[in-house]
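The values are calculated or read from the model by the stated rules, or taken from the named source; none is laboratory data. Keep in mind that what you see is a predicted model, and the values were worked out from it rather than measured. Glycine gets a Cβ as well: all are built from the backbone with ideal geometry, and neighbour counts include every protein chain shown. The protein model used for the area step is the full one, side chains on, heavy atoms only, and it has no ligands, DNA or RNA in it. Shrake-Rupley method; radii C 1.70, N 1.55, O 1.52, S 1.80 Å.
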Amino acid sequence: MRCDRHNVETGLRCGKCEKPICPDCTVFGPVGARCRECSSNKGSPLYQVTASKLMVGGIAASFAAFGVSYLLSALHFGIGFFGIWIALIGGSFIGEVLLRMADRKRGQAMEITAGVSAAIGMIGALLVTQSSNTGSISLMALFTSLQHSPFFVINIVILIASAVSRVRFL
């Protein structure tokens, strides 16, 4: 018996497709030795997200992020250190909304959607908060106000990272 890839004599077979594999082609997993094709996660239905589910989940997560970010931006002067906890819990909530709307699918597309949705919701909430405080919307004034509150910027980063981690690690 010879390896299909390297033409090396072998006595080992893939545990899924029974194809002969040499030690260089072997990928060890929890279910035994497999070839590289059978061990990749690309064929797993867990990682196959339809575009419509991704879009619906992204929109729902953006609305959830808007709510959490509005809470953070409206209260950020009075809550101090507790903003980190709100950002951690809120980011997990955003990731959970995305997971539930996309049938608990996983993968890089879901992680990117979680981060982008959290950022979009956060920018929308900041713009609404700024317009209610000043009466106008200006990106330059928004960035200037963020420069004066680095603790709030840390909360924003924690919110986005927490949303992505919730999707990545169940």
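Quickly run through the stretch 1-42 and pick out the residues that are outside any loop (DSSP other than H, G, I, E, B), farther than 30 Å from G107 by Cβ and open to solvent by 100 Å² or more (accessible area, probe 1.4 Å).
Within the stretch 1-42, R2, E9 qualify.
To keep it simple, each residue is scored yes or no on (1) under 14 Å from the mean Cα position of the chain (by Cα); (2) at negative phi; (3) surrounded by 16 or more Cβ atoms within 10 Å (Cβ to Cβ).
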position: P45; (1), (2), (3): no, yes, no
position: Y70; (1), (2), (3): no, yes, yes
position: I86; (1), (2), (3): no, yes, yes
position: G90; (1), (2), (3): yes, yes, yes
position: L99; (1), (2), (3): yes, yes, yes
position: E111; (1), (2), (3): yes, yes, yes
position: Q130; (1), (2), (3): no, yes, yes
position: L139; (1), (2), (3): no, yes, no
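When you go through S136, S132 one by one, which is the residue that is farther than 12 Å from F66 by Cα and in a loop (DSSP other than H, G, I, E, B)?
Among S136, S132, only S136 is farther than 12 Å from F66 by Cα and in a loop (DSSP other than H, G, I, E, B).
Evaluate the following for A64: is it surrounded by 14 or more Cβ atoms within 10 Å (Cβ to Cβ), of a type outside the set (D, E) and over 20 Å from the mean Cα position of the chain (by Cα)? Lay out the reasoning, then the answer.
On the way: surrounded by 14 or more Cβ atoms within 10 Å (Cβ to Cβ): yes; of a type outside the set (D, E): yes; over 20 Å from the mean Cα position of the chain (by Cα): no.
Judged against the criteria, A64 is not a match.
Identify, from the list L46, L75, L98, the residue that is in a helix (DSSP H, G or I), aliphatic (A, V, I, L, M) and more than 28 Å from T129 (Cα to Cα).
Of L46, L75, L98, the one residue that is in a helix (DSSP H, G or I), aliphatic (A, V, I, L, M) and more than 28 Å from T129 (Cα to Cα) is L46.
Just a yes or no: is a residue in the stretch 35-55 hydrophobic (A, V, I, L, M, F, W, C) and closer than 21 Å to G124 by Cα?
So in the stretch 35-55, the residues hydrophobic (A, V, I, L, M, F, W, C) come out as 35, 38, 46, 49, 51, 54-55.
Filter again for closer than 21 Å to G124 by Cα, leaving 54-55.
Yes, the stretch 35-55 contains a residue that is hydrophobic (A, V, I, L, M, F, W, C) and closer than 21 Å to G124 by Cα.
What residue, of S62, S92, S52, is polar (S, T, N, Q), assigned to a helix (DSSP H, G or I), at pLDDT 85 or above and touching a Lys or Arg at 6+ places or on another chain (Cβ under 6 Å)?
Result of the check over S62, S92, S52: S92.
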